[in-house]
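Laboratory data are not the source of any read-out in this text; all were calculated from the coordinates shown. Remember, it's a predicted structure, so these values are computed and weren't measured experimentally. Virtual Cβ from ideal backbone geometry, glycine too; neighbours counted across all protein chains shown.
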2 protein chains.
Amino acid sequence: MKKNVLIIGAGGVAQVVAHKCAQNNDVLGDIHIASRTLAKCQAMAQSVREKNSLKVPGTVEAHQLDALDVAATKALIEKTGAQIVINVGSPFLNMAVMSACIETGAAYIDTAIHEDPAKVCETPPWYANYEWKRRAECEKAGVTAILGAGFDPGVVNAYAKLAVDDYFDRVDEIDIIDINAGSHGRYFATNFDPEINFREFTGRVWSWQDSKWTENKMFEVRKDWDLPVVGKSQSYLTGHDEVHSISQRLGIPNVRFWMGFGDHYINVFTVLKNLGLLSEHPVRTAEGLEVVPLKVVKAVLPDPASLAPDYTGKTCIGDLVKGVKDGKPREVLIYNVADHKQAYDEVGSQGISYTAGVPAVAAAMLIAGGEWDVGTMANVEDLPPRPFLAVLDRIGLPTWLREGEREERLDFSDSARPAVNG
Amino acid sequence: MKKNVLIIGAGGVAQVVAHKCAQNNDVLGDIHIASRTLAKCQAMAQSVREKNSLKVPGTVEAHQLDALDVAATKALIEKTGAQIVINVGSPFLNMAVMSACIETGAAYIDTAIHEDPAKVCETPPWYANYEWKRRAECEKAGVTAILGAGFDPGVVNAYAKLAVDDYFDRVDEIDIIDINAGSHGRYFATNFDPEINFREFTGRVWSWQDSKWTENKMFEVRKDWDLPVVGKSQSYLTGHDEVHSISQRLGIPNVRFWMGFGDHYINVFTVLKNLGLLSEHPVRTAEGLEVVPLKVVKAVLPDPASLAPDYTGKTCIGDLVKGVKDGKPREVLIYNVADHKQAYDEVGSQGISYTAGVPAVAAAMLIAGGEWDVGTMANVEDLPPRPFLAVLDRIGLPTWLREGEREERLDFSDSARPAVNG
C-alpha cells in the first residue's frame, strides 16, 4: 500500500494525469506536480481546483524541478512524501527519474521509452538499451517500476496479455493499430511534443515478424483497416515501444504497430525530412549560429496543448489478435474508442493526451492498492491485465471486443478489488 | 571612359561576372573580387586562371571586405583604382556599396533591388523606397549608377525599351516570363541564395495593371505559356523588381511578371511557409535559443553554387509585348534561351547565375566604352537598349524575337560601337 503522487511533466498528458489523480485522491493521497517551468505546474494545479476535480479534500501542489538532477528529484520525493512517481515528462528524463525512485524506494511509472537526445531508433529491442539493464537494480531495491503505462505502450500491452490469457490457446500475430480520426483544425500540428513525435519516424521502422527483427522505412508499408466507429482508416507500419516488449515478454512470433497517417501529414513530414529539417544534429547558419533544425521546427509548430479546445472526433486504438482457440483459428480486435471533445470537457486535454494519461493513473491506483506493487521492474504485459482494465473501464477508458459481427464492451467488474474501488 | 572593375560578392553570379570580366579585360582592365569570405574570392580568381579566361594578360586579385562598411569599401576602391563596381553580393548591401561609389566617383552596377533584412515586399514602387531617393545625389556627384542590370531585372527592361522604340506605336501590356526548364537532380534547391529567393515569395505580389498597383497572393494567379525551346510552361504572377521600374519609367499601363514554378516547388514552399519556417522574424526554441527560421532553412538547403555541375536543361526568359503598330494590334515575344550545361562548361556556374551575371558585365563594358556612362542614376530601360543587346549577343546572351509563326535572332551589329568591340 503506497500513497501520495509526484507527477513529473507539464504537457497535455501531465494535465490529464493531474486531473485523474485528483478524481481518485481518496486512493492516491496528496498530489504534487513538478516540471522545469513552475508556472505550467501552477496552472495545472489551478485547473484541478477550478474543475473541482478533487474527490475528497486534499493537497495539490506545484513545484519547480529539473528532473535530470537526480539529487533534486530525490529531495522533492522525500520532501513531499510521494511514494508513487508518475513520470510524464520528456522521455529524455526517464533514467534520471528512475534513479531517484530507486534511491528513495518510490514506485516509478512512465508512459514512453527512454531516449537519448543524440540518437534515434536504436537497436531492438529498445527496452534492452536502457530500462531492462536496471531490472536487477529495481529488484534488489524492491522498487516497483512500471514501464510504458500509457495507452500505446500500456493498455495495448494489457490487451495482448488478455488475449493470451483468455481468448487464445496460441497467439500467432498481434497488429496494434492506432488511429486518430480527430481534427484539430490547424494547417499542421503534432498531438504531442513535435520533437518526440518526429523522432519516432525519422529512423528505421522495426517490427517483429516470424520471430525476428525486420527493418523497413517509414511510410514504406501501408495497410488500410475498417475499424469500429472511425471506419476506413489508412495506416503505416511504424516503430513503437510496445513491439519491443510484447515480442520478447509474451513470445508471440509477429508483433507489428500501425499508425494512422493522412496524406497531408505524410506530405509535410516528407518535405521536412527530405530537406533535413527533422535532423537532431546541429547545422550552422550563414551567421555562424549552431542550431538543431528539429528544435526550430518544434518552435514554429503549435503547442500541442493549445489544440485541445478545438479538437473534435475520435480515436480508435487496439490490438488485432490472430491465433488458435480450441483447435480453430480465431481473430479478435480488442480496442478502445475515445472522444477528443469529451476529454477536453473533463480534464482540459485532447483525446491523445487523455488516452496516454489515464492508464498511468490506473497503474498508480493499482500500486496504491497493492495489486501491481510488485517490487521490481515490469512491462504492462508482465502484470495481470484484468484489474488494470477494470480500473480503466471505471475511470474513462472502457475496453471493447469485436469478433466477427459481434461487438461488446468487456466487463471486468469481477476483477476490481475493494482497495481499488476506494 | 572608365576601367578597372571591383566585383563585390562570391556566389554563383559573382563567379560568372569574374569570368566574363576576364574574357573582356582588354576593355575592362584590372579585375578585383571582394567579399566577406576571402577564400571564396581566391577560389574564383583561381578558377579564372584555370579556365584561361583572361583575354589579355592582366590582374585578377581577391580581397576580404565587409561591404556594409562604407569606409572599407571606399578604401578598397581607392586602393585598387577601380572605376567600375559590380555589386553582386547580398541585396542587403546595395545602399552601402552605392555610398562608397558616390564618395569615390566610381560607377555602380547592381542586379537586384536593395532589401532591408527586416522587411519583405515593401510598398510599390520598390525603387522609390531606397534607390530613387538617391538619384539627385548621384547626379550631383556625376556618378553613373545602373540599377538592376542582370537578366530580370535588366535585359528584360532593355527588351521592353526595344519594343517601345522599334516595334510599337503604343505598348499596352508587357508580361515578363521567366521559365527555368532545367533540372538540378536534387530533392529541392533554390537557384540562388534561398533566403533571398524565398523572401521574394512570402509577401504580397505586386503587379501594375490598368495603370495602378494590384495586390495578389503568391500562387494565386496561374498562367500557362507555350514558349520557344522549353515548350508548355506553368507560371504564377510574382512580384519582381522590374515591374516597379518599367511601369513608372516607360508609362506602360500593364506590367506583370510571371515566374515558372513546378508543383513540387510549390508544395515544398507551401509547407515551409504555412509552418512559419520562411519567416524572417526570430523564434525561440524550447532551449531558449533565438533563431530566424528562414536562416535555418537556408542552412539545410544545398548551396546553390553546388548545383552547377549536374544542372541540365534550358531557361527561357523574355517579354511578351502587346500593343499597336501602324494602327493594327501587334504581339511580339522578345526572349533569350540559355543552357545550364553550356554555362557551367564556360564559367563554372549554372544558367540562372549566367543569365544574371553576363548582363552586369555588358553594362560595365558600356560604361567603360562611354555609351552608358551617363553620370547619374539609371534603370536599364532609361538607357539605349541596342548597344546593350549588341554586347550581350556577342558575349553569350543573344536576343530572339517571335511574332506569329516567325522566330528570328535579332541582329544588333550596327549598334555596336568600336570601343565596345575592343
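A few points about this structure:
- Computed across region A:207-345, the Kirkwood radius stands at 18.4 Å (inverse of mean 1/r, all Cα pairs).
- Shortest-first distances to equivalent copies, position A:Asn216, nm, label 7 Å out along Cβ: 4.3
- Rough spin-label spacing in nm, given labels placed 7 Å along Cα→Cβ, for B:Gln234 and A:Lys133: 5.2 nm
- For region A:34-88, size of Cβ-based charge dipole, Lys and Arg +1, Asp and Glu -1, in debye: 180 debye
- Out-of-range pairs (alpha-carbon distance over 28 Å; input B:Lys20/B:Lys322; B:Lys74/B:Lys140; A:Lys119/A:Lys232; A:Lys273/B:Lys40): B:Lys20/B:Lys322; A:Lys119/A:Lys232; A:Lys273/B:Lys40
- Candidates per chymotrypsin sites (Phe, Trp or Tyr not before Pro) in region A:137-212, loop by DSSP, up to 16 other Cβ within 10 Å: A:Tyr187
- Region A:155-342: relative contact order as a whole-number percent, Cα under 8 Å and 6+ apart: 33 percent
- Spin-label model distance (nm) - A:Asp303 vs A:Thr376, 7 Å beyond Cα toward Cβ: 4.3 nm
- In chain B, helical runs assigned H by DSSP with n ≥ 4 each contribute -39500 (n - 2.57); averaged across all residues and rounded to the nearest 500, the mean residue ellipticity at 222 nm is -10000 deg cm²/dmol.
- Order of B:Thr190, A:Thr270 - criterion: other Cβ atoms within 10 Å of each residue's Cβ, fewest first: A:Thr270, B:Thr190
- Percent antiparallel among DSSP beta bridges (both partners in the protein assembly as shown, rounded to 5): 60 percent
- When B:Trp372, B:Trp225 are sorted by how many other C-beta atoms sit within 10 angstrom of their C-beta, beginning with the fewest, the order is B:Trp225, B:Trp372.
- Span per principal axis, largest first, for the Cα atoms of the protein assembly as shown (Å): 105, 55, 49
- Highest mobility in the GNM of chain B, judged by mean-square fluctuation with C-alpha springs under 10 Å and restricted to B:Val164, B:Val358, B:Val391, is found for B:Val164.
- Links that overshoot a 18 Å alpha carbon limit, given the list B:Lys51/B:Lys341; A:Lys133/A:Lys212; B:Lys161/B:Lys325; B:Lys3/B:Lys79: A:Lys133/A:Lys212
- Relative contact order (percent, whole number), chain B, Cα cutoff 8 Å, 6+ residue spacing: 20 percent
- The ranking of B:Leu93, A:Leu389, B:Leu401 from fewest to most other beta carbons within 10 Å of each one's beta carbon is B:Leu401, B:Leu93, A:Leu389.
- Placing unit charges on each Cβ (+1 for Lys and Arg, -1 for Asp and Glu) gives the protein assembly as shown a dipole about its Cα centre, and among A:Gly323, B:Met218, B:Ala18 the Cα reaching farthest toward its positive end belongs to B:Ala18.
- Distance between the pseudo-spin-label points of B:Arg49 and A:Leu289 (7 Å out from Cα toward the beta carbon): 3.8 nm.
- Computed about the Cα centre, the dipole magnitude for chain B is approximately 360 debye when only Lys and Arg (+1) and Asp and Glu (-1) carry charge, each at its Cβ.
- Among residues other than B:Phe92 with Cβ under 10 Å from its Cβ, the summed charge is -3 (Lys and Arg +1, Asp and Glu -1).
- Highest GNM mean-square fluctuation among B:Gly375, B:Gly318, B:Gly327, for chain B modelled with Cα contacts below 10 Å: B:Gly327.
- For region B:115-181, the equivalent ellipsoid derived from the alpha-carbon gyration tensor has semi-axes of 25, 19, 12 Å in decreasing order.
- Across all Cα pairs in chain A, the calculated P(r) in 10 Å bins from zero up to the longest distance comes to 5, 23, 34, 27, 10, 1, 0 percent per bin.
- Rounded if a/c under 1.5, otherwise prolate or oblate - region A:362-414, Cα gyration tensor axes: prolate
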